[in-house]
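Taking it in order: structure first as structure tokens, then the write-up.
The values are calculated or read from the model by the stated rules, or taken from the named source; none is laboratory data. All values reported here derive from a predicted model rather than from experimental measurement. Glycine also receives a Cβ, built like all others from the backbone with ideal geometry; neighbour counts cover every protein chain displayed. These area figures cover heavy atoms from the full protein model, side chains too; ligands, DNA and RNA do not enter into them. Shrake-Rupley method; radii C 1.70, N 1.55, O 1.52, S 1.80 Å.
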Amino acid sequence: MATFHFELVSPEKLLFSGEVDAVVAPGAEGLFTVLKDHAPVMTVLKPGVVEIDEAGKKEKLFVRGGFADVGLGGFTILAEYAIPVAELDAAKIGADIKDASEDVADAKTDEARRLAAEKLSQLQELKAALGL
């Protein structure tokens, strides 16, 4: 299979850079697959799992927000937040959701409630994207 260059970058670090066979990403309109010589496209990402096929080896990373850009130079994802799926723990995510729900209920101000609700929403998106 023909390869192309792919990079996945978050504000913290470069999570992946290399030649790949295919990448499946969660675009705003749904999942899409990029192969070599894909037509140029730019889209917003929704929370979900990016699946990278590198010479038959699959790697999965969770992304929350950001942009995907397919161009002549390859495919680049600029993610607001990204983490390898292998580093996620379902029990910890469940506990974090419980804690965040309690933070929403205990919030004393509208701003504190908004921030707690945003964190809870992000954790629920993570849980849903991973099918936990």
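Odds and ends about this structure:
Yes/no per residue for (1) among the β-branched types (Val, Ile, Thr); (2) in contact (Cβ under 8 Å) with a residue 60 or more places away in the chain:
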{"site": "Ala2", "(1), (2)": "no, no"}
{"site": "Leu35", "(1), (2)": "no, no"}
{"site": "Phe62", "(1), (2)": "no, yes"}
{"site": "Gly66", "(1), (2)": "no, no"}
{"site": "Gly74", "(1), (2)": "no, yes"}
{"site": "Gly94", "(1), (2)": "no, no"}
{"site": "Thr109", "(1), (2)": "yes, no"}
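- Failed item, numbered, when Ala2 is tested on (1) over 24 Å from Ser121 (Cβ atoms); (2) in a strand (DSSP E or B): (2)
- Selection within region 102-132 - of a type in the set (Ser, Thr, Tyr) and within 29 Å of Ala25 (Cα to Cα): Ser121
- Inclusion of Leu126 among residues that are surrounded by 15 or more Cβ atoms within 10 Å (Cβ to Cβ) and part of a helix (DSSP H, G or I) is warranted.
- Condition met for Lys108 (more than 20 Å from Ser10 (Cα to Cα), open to solvent by 80 Å² or more (accessible area, probe 1.4 Å) and not in a helix (DSSP H, G or I)): yes
- Within region 34-48, the set of residues being open to solvent by 70 Å² or more (accessible area, probe 1.4 Å) and either among the hydroxyl-bearing types (Ser, Thr, Tyr) or within 19 Å of Val85 (Cβ to Cβ) (or both) comprises Lys46 only.
- Scanning region 49-94 for residues that are among the charged types (D, E, K, R), surrounded by fewer than 17 Cβ atoms within 10 Å (Cβ to Cβ) and assigned to a strand (DSSP E or B) turns up Glu54, Lys57, Lys58, Lys60, Asp69, Glu80.
- Residue list for region 111-122, restricted to those being closer than 18 Å to Arg64 by Cα and surrounded by fewer than 14 Cβ atoms within 10 Å (Cβ to Cβ): Glu118, Ser121
- Of all residues in region 5-28, those satisfying the criterion of being assigned to a strand (DSSP E or B), without any contact (Cβ under 8 Å) to a residue 60 or more places away in the chain and not acidic (Asp, Glu) are Leu14, Phe16, Ser17, Gly18, Val20, Ala22, Val23, Val24, Ala25, Gly27.
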